[in-house]
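So the structure is just underneath, and the comments pick up after that.
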Amino acid sequence: MKNKISIIVPCFNHAEFLEECIQSVKDQSYTNWECIIVDDGSTDDTAVVAKKLENDKIRYIYQENRGLSGARNTGIRNATGDYILPLDSDDTLNPLALEKMIAVFDQNPDTLIVFSDTVTFGHTHKKSNLQEKFTLKELLLGNKLYCTSMFAKKYFDEGIAYDEKLRHGFEDWEFWIQLISAHREQPVTKIDYVVFNYRSHPETSMIKEIIGNNDKKEFIYHAVYEKHKALFHEFFPSYIALLNRKTFYEKKLENIYSSKPYRIYNFIKNLFK
């Protein structure tokens, strides 16, 4: 029997994008899936749209607002699949996503996570270029995976869940730290197929808001550090040295991206897209 995949779609006031998101799930070449839409206390038409989409494979759950982590946890807790794939309600899957990802697990059941690059659409258009291989030490310095990556549900059942205290963002980064640090010997595999499309919005995104707000950024890093203090000290005996290193690389990247040669290069590159 084919493994079943549970696609978890948290939705908070994204009713206008929800139908497109779910249609991309329905268009999958791999058919043994269920989709759970978790309405995290939306005040728009999410409930109306979601209920129209419900069928024997698509379920709708409403909850009072608990944040993205709480919505994902609710969805996974109610999932009946062998594997979990989170998908934000304004993003879309590409048609072979489930087929390509589950093939990796079929070939090597010890695989911990399957991930891919993404294409950004909407307000901006670009393709990501994630590292194919990375170490746990590198992961502690910053996220290396998108939230729309596949993993076995058994790890959630063992107690690895999204931290609902992290309501300011980066909850997926902390989740990957939990999962990868607990199963260090298992492979994390990148596939050469763009699994999903990430929708960018003209308004300020959560990530941009965090990066531009030193207080929020410091709060998140400190919260993750306190939760995984022993792990951080294993690789970085001095937490202050770690933060200085992060700040150094962030400033270096900021200088590169704001430089005139990079802006000219980016302009020319976009002309030939």
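The values are calculated or read from the model by the stated rules, or taken from the named source; none is laboratory data. Because the structure is predicted, anything quoted here is derived from the model rather than measured. Neighbour counts run over all protein chains shown; Cβ positions are idealised from the backbone, glycine included. Surface areas here come from the heavy atoms of the whole protein model, side chains and all, with no ligands, DNA or RNA. Shrake-Rupley method; radii C 1.70, N 1.55, O 1.52, S 1.80 Å.
Taking the condition surrounded by fewer than 21 Cβ atoms within 10 Å (Cβ to Cβ) and over 19 Å from LEU87 (Cβ atoms), does ASN32 pass? No: the conditions fail for ASN32.
Based on what the data block shows, is GLU99 open to solvent by 20 Å² or more (accessible area, probe 1.4 Å), in a helix (DSSP H, G or I), within 17 Å of ASN197 (Cα to Cα) and in contact (Cβ under 8 Å) with a residue 60 or more places away in the chain?
On the way: open to solvent by 20 Å² or more (accessible area, probe 1.4 Å): yes; in a helix (DSSP H, G or I): yes; within 17 Å of ASN197 (Cα to Cα): yes; in contact (Cβ under 8 Å) with a residue 60 or more places away in the chain: yes.
In short, yes.
Within region 147-162, the set of residues being surrounded by fewer than 20 Cβ atoms within 10 Å (Cβ to Cβ) and part of a loop (DSSP other than H, G, I, E, B) comprises GLU158, GLY159, ILE160, ALA161.
Output the number of residues of region 172-197 satisfying the condition of being part of a helix (DSSP H, G or I) and open to solvent by 10 Å² or more (accessible area, probe 1.4 Å).
Within region 172-197, the first condition is being part of a helix (DSSP H, G or I), and the residues that meet it are 172-182.
Keeping just the survivors that are open to solvent by 10 Å² or more (accessible area, probe 1.4 Å) gives 172, 178, 180-182.
Summing the residues that are part of a helix (DSSP H, G or I) and open to solvent by 10 Å² or more (accessible area, probe 1.4 Å) in region 172-197 gives 5.
Annotation: LEU18 fulfils all but one of (1) part of a helix (DSSP H, G or I); (2) open to solvent by 50 Å² or more (accessible area, probe 1.4 Å); the unmet one is (2). Do you know which residues across region 209-241 are surrounded by 11 or more Cβ atoms within 10 Å (Cβ to Cβ) and either in a loop (DSSP other than H, G, I, E, B) or modelled with pLDDT under 65 (or both)? Residues satisfying the conditions are GLU209, ILE210, ILE211, ASN213, HIS228, PHE236, SER238, TYR239. Looking for something modelled with pLDDT of 95 or more and closer than 21 Å to LYS26 by Cβ - is there at least one such residue anywhere in region 117-137? Yes, region 117-137 contains at least one residue that is modelled with pLDDT of 95 or more and closer than 21 Å to LYS26 by Cβ. Assessment of region 57-77 against the conditions (closer than 27 Å to LEU179 by Cα, open to solvent by 10 Å² or more (accessible area, probe 1.4 Å) and in contact with a Pro (Cβ under 7 Å, 6 or more places away or on another chain)) yields at least one matching residue.
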